[in-house]
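Trainee: This is the structure I want to talk about, given as C-alpha cells.
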Amino acid sequence: MRSAPLHRLAWIMSVLCVMTLLPATPAGADNPIVQTIYTADPAPLVHNGRVYLYTGHDEDGSTYFTMRDWRVYSSADMANWTDHGSPMSLATFAWADANAWAGHVTHRNGRFYWYVPVRNRATGGMAIGVAVGDSPTGPFRDALNRPLVENNEIDPNVLVDDDGQAYLYWGNPRLAYVRLNSDMVSYSGGINYVQLTAAGFGARSGNPGRPTLYEEGPWVYKRNGLYYNVFAAECCSEFIAYSTAPSATGPWTYRGTVMPRQGGSFTNHAGIIDYAGGSYFFYHNGALPGGGGYTRSVAVEKFTYNADGTIPTINMTTAGPPQVGTLDPFVRQEAETIAWSSGVETEASSEGGVNVGFIENGDHIKVKGVAFGSGATAFTARAASGTAGGRIELRLGGPTGTLVGTCTVNGTGGWQNWTTVTCPVSGATGTRDLYLRFTGGSGYLLNLDWWRFTGGGDGGGNLLANGTMEDGTTGWTSSGGTLSSATDVAHGGSRSLLNSGRTSAWQGPHQNVTARLTNGRSYTTEVWVRSQSGTPSAKATLALTANGTTSYLQLTPAQTVGTGGWTRLTGTATVSWTGTLTNASFYVETAAGTDGLYVDDASFR
Ligand code: FUB
C-alpha cells in the first residue's frame, strides 16, 4: 500500500494542461463560498434549521496538500455564510503531525463527531482520528487521544443507518468500512473492504493498479430508502461519480457522473445535503485568484434529483444557489456573515467568535438579499481600530452602488478594543444586496465584529424591550431565582442578563408581550444563551393564556448550551389563540436542570 495522494504528483503535470478553468470570478458571484482563505474538501451538515459547512484549509501558496487546520461556516439561506473560524487543527490530535485532510462531521447522542484523516507521527502513515464537540461549531477535543482506525488511507465519512448502526467509510485506493459502536468512537469487528468491481464503481482503463473509477472521498448517505456513494473518480484530474445500493454494505451499482472534470483543481470532493426543500451539492475547485490544485475553494450548487432518484449532471457555476428567504438586518448580524468579500480577512475576536479584520481602503463585504422592508433609519456597528480608523460606507446593489449611510470609526487604541458606532441611514428599503465598503487612508483601517440596522422597516420592530440587555434588567423578570445584569460575559455590548438560583427547568428570564402580539402572525425569535454551569438544553418558549387556558409554543428548537461560549437559539413560529388573550410571556428556559443562564441579544419580531 502506498501513501494516499502522493501518487498523484506523477499525474498532475500531464493533466493540468487539459483542465477546464472557470471563467474569472465576477464581482457579483457567490461561488466559491469563502473568499478570505482557500478551503477544500467540503462536508456539510444540517442541524437545527441551519447548514454547517466543515472544510479543510489549503495554506496560501501551497505546492502540496499543505493543510494544518479545519474550518467551520454556517448559513441559513445558502447565500450568506458565517465564518466560525477554526475550532480544530492538527494540534487537537497530539499524536498527529501533518495532513489535516478531508473530514466529515456527524451528529449523534447530542454531540458532534468530526472524523478526519491525519498523519500518525508514530507510524508515518495516514490514520483516522475522531474529535467530539458539544456544539456544531465546537470546540472539538480528541475523543480517544489515539487513532480510531489506521490503514494508511484517507477521507472518512459516516452514515448512521435507520436501525442505529453507524458505518465509517474511507479509503484511497481501497474503499474500507467499519461498523461503529453507538458511542461513535469505537467499532466492532475488523476493517471490511468493499469489493471494487466495474459493475459497482465503473471501469477505469490505463491504470492496472486501479481497475475501477473509485479514487477517494466517499460520501455515503441514504435517501428515500436508497444508499448513495458519491465519490471522487479516476485521478488525475478527478471527476465526481456515484453508485447506489440497497444496503449500507452494498452491493453497489455504478450510476455515472455527477460533476464532470472542471474548475482548475485536479482533485474534487463531494458533499450532499437536503435543506429547506432543496438538494445541494458541495464541491471544490481552483476558482479564486491564485487558485489551483493545492489552493482550492469550496462551492455549492442546488440541484433536483430525477424522479427515479438518480442524480443529474451538475456543473460548476459562479452564481451558486438562489438564496433561501432573506436576511434580517434588524437583528445583530455578524460582520463575518458574507455572501462575497473583497480584500478582507477574518480572525478570532476578543468578544467571542470571529471578526472581520485586515480591512484596507476599497475593500468590501457583500451581504445578499437584505430585507429592509419599509426602511432603515440607523446603522450600528461594533468596531475597533489600532490606527486612525476609517469609514464604513453602506451601499446597495454594488460596491459603488447607492450610498445610504456612512459610519465613521475612529481609532480605539487597539485592534481588539471594541466600540459601538451608530450613523443615520436613509434610502434603504425593500430587499437589496448590501455592500459594506471600507474607505480611509493607507494600511489597515478598522476591524468589524457585528452590525445591525434599526428603523421602521422591521414590521414593528423587536417586541422585546431591552433585548440587548444593555439597560440592565429593565423589562425582564424571572419566574424563579435571581435576575441580575452581568458584566463578566456579554454576547454583544458590555452586558448580558443572568438568571441564577433557578429551582425548576422552566424558570428563566421572561417578558410580558401580551399587548404587542398579533393573532395569526409569524414571529422570528433570536436569542443568545450561555450556561453558568453545566450544559443544559435551552429554548425560547411563548406561554399564551387565552380564555383561561394556558398553552406553550416552542419558538426555537432546543439546543445544548455550554459555559465556554454563546449559543444562538433561533426559529420562526406562528402565534395564534382562540378567545381573549390575557397573558403572553416570552421565556428563555431549559429542558431540564437548574443551571444559571446568561441571556443576551434577544429579539422577537
Ligand atoms: O485535501 C487533501 C485531499 O485531497 C483530500 O483528503 C482528498 O479528498 C483530496 O481532496
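Nothing in this text is a laboratory measurement; each read-out follows from the coordinates by a stated rule. Predicted model, so just to flag it, every value in this text is computed and none were measured. A quick note on method: Cβ atoms are made from the backbone with ideal geometry, for glycine too, and the neighbour counts reach across all protein chains shown.
Trainee: List the lysines whose Cα sits under 24 Å from the Cα of LYS368, skipping any in the same chain fewer than 8 residues away.
Mentor: The qualifying lysines are LYS302.
Trainee: Pulled fully out, how much extra length does the chain show between ALA91 and PHE358, if you take 0.36 nm times their separation in residues and subtract their Cα-Cα distance?
Mentor: Fully extending the segment from ALA91 to PHE358 adds 93.6 nm.
Trainee: How big is the charge dipole of the range 333-455 about its Cα centre, in debye rounded to the nearest 20, if each Lys and Arg gets +1 on its Cβ and each Asp and Glu gets -1 on its Cβ? Please report the intermediate quantities before stating the final value.
Mentor: Working: 8 positive and 10 negative charges, 89 e Å.
Dipole about the Cα centre, nearest 20: 420 debye.
Trainee: Given a Förster radius of 41 Å and the C-beta distance between GLN416 and THR317 as r, what FRET efficiency does 1/(1 + (r/R0)^6) yield to the nearest 0.05?
Mentor: Computed FRET efficiency for GLN416 and THR317: 0.60.
Trainee: Between ASN207 and ASP163, what FRET efficiency comes out of the Förster formula 1/(1 + (r/R0)^6) with R0 = 45 Å and r the beta carbon distance, rounded to 0.05?
Mentor: About 0.75, to the nearest 0.05.
Trainee: Between the range 316-361 and the range 106-125, what is the C-alpha centre distance in whole Å?
Mentor: Each part's Cα centre sits 28 Å from the other's.
Trainee: Give me the orientation-averaged projected area of the Cα convex hull of the range 477-604, in nm², one decimal.
Mentor: 7.2
Trainee: Sticking with the crude label model, points 7 Å out along Cα→Cβ, report the distance from ARG68 to LEU403 in nm, one decimal please.
Mentor: Rounded to a tenth, the inter-label distance reads 4.1 nm.
Trainee: Would you mind counting up the charge near LEU498? Only other residues with Cβ under 15 Å from its Cβ, with Lys and Arg at +1 and Asp and Glu at -1. Show your work: numbers first, answer last.
Mentor: Numbers: positive: ARG495, ARG502, ARG530; negative: GLU470, ASP471, ASP488, GLU589, ASP595, ASP600, ASP601.
Its environment carries a net charge of -4.
Trainee: How far apart, in nm, are the 7 Å Cα→Cβ label points at ASN224 and THR253?
Mentor: For ASN224 paired with THR253, the spin-label model returns 1.5 nm.
Trainee: Oh, and also: Net charge within 14 Å of MET67 by Cβ-Cβ distance, Lys/Arg positive one each and Asp/Glu negative one each, not counting MET67 itself?
Mentor: -3
Trainee: Suppose R0 equals 51 Å. What FRET efficiency, 1/(1 + (r/R0)^6) with r the Cβ-Cβ distance, do ALA388 and ASN145 give to the nearest 0.05? Present the calculation step by step, with values, prior to reporting the outcome.
Mentor: Numbers: r = 48 Å, r/R0 = 0.94.
Step by step, r from the Cβ atoms, then E = 0.60.
Trainee: Nearest 500 deg cm²/dmol is fine: what mean residue ellipticity at 222 nm does the chain get from its DSSP H runs of n ≥ 4 alone, each adding -39,500 (n - 2.57), divided by its residue count?
Mentor: -500 deg cm²/dmol
Trainee: How much length, in nm to one decimal, is gained on full extension between SER186 and TRP506, taken as 0.36 nm per residue of separation minus their Cα-Cα distance?
Mentor: Working: separation 320, 0.36 × 320 = 115.20 nm, distance 3.65 nm.
In short, 111.6 nm is gained.
Trainee: To the nearest Å, what is the center-to-center distance of the range 226-282 and the range 575-605, using C-alpha atoms only?
Mentor: A separation of 43 Å, based on Cα centres.
Trainee: Distance in nm between label sites at ASP471 and HIS47, each 7 Å beyond Cα in the beta-carbon direction?
Mentor: 3.6
Trainee: Right, something else. Calculate I(q)/I(0) for the chain by the Debye formula, one identical point scatterer on each C-alpha and no solvent, and give its log10 at q = 0.08, 0.09 Å⁻¹ to two decimals.
Mentor: Those come out to -0.59, -0.75, one per q.
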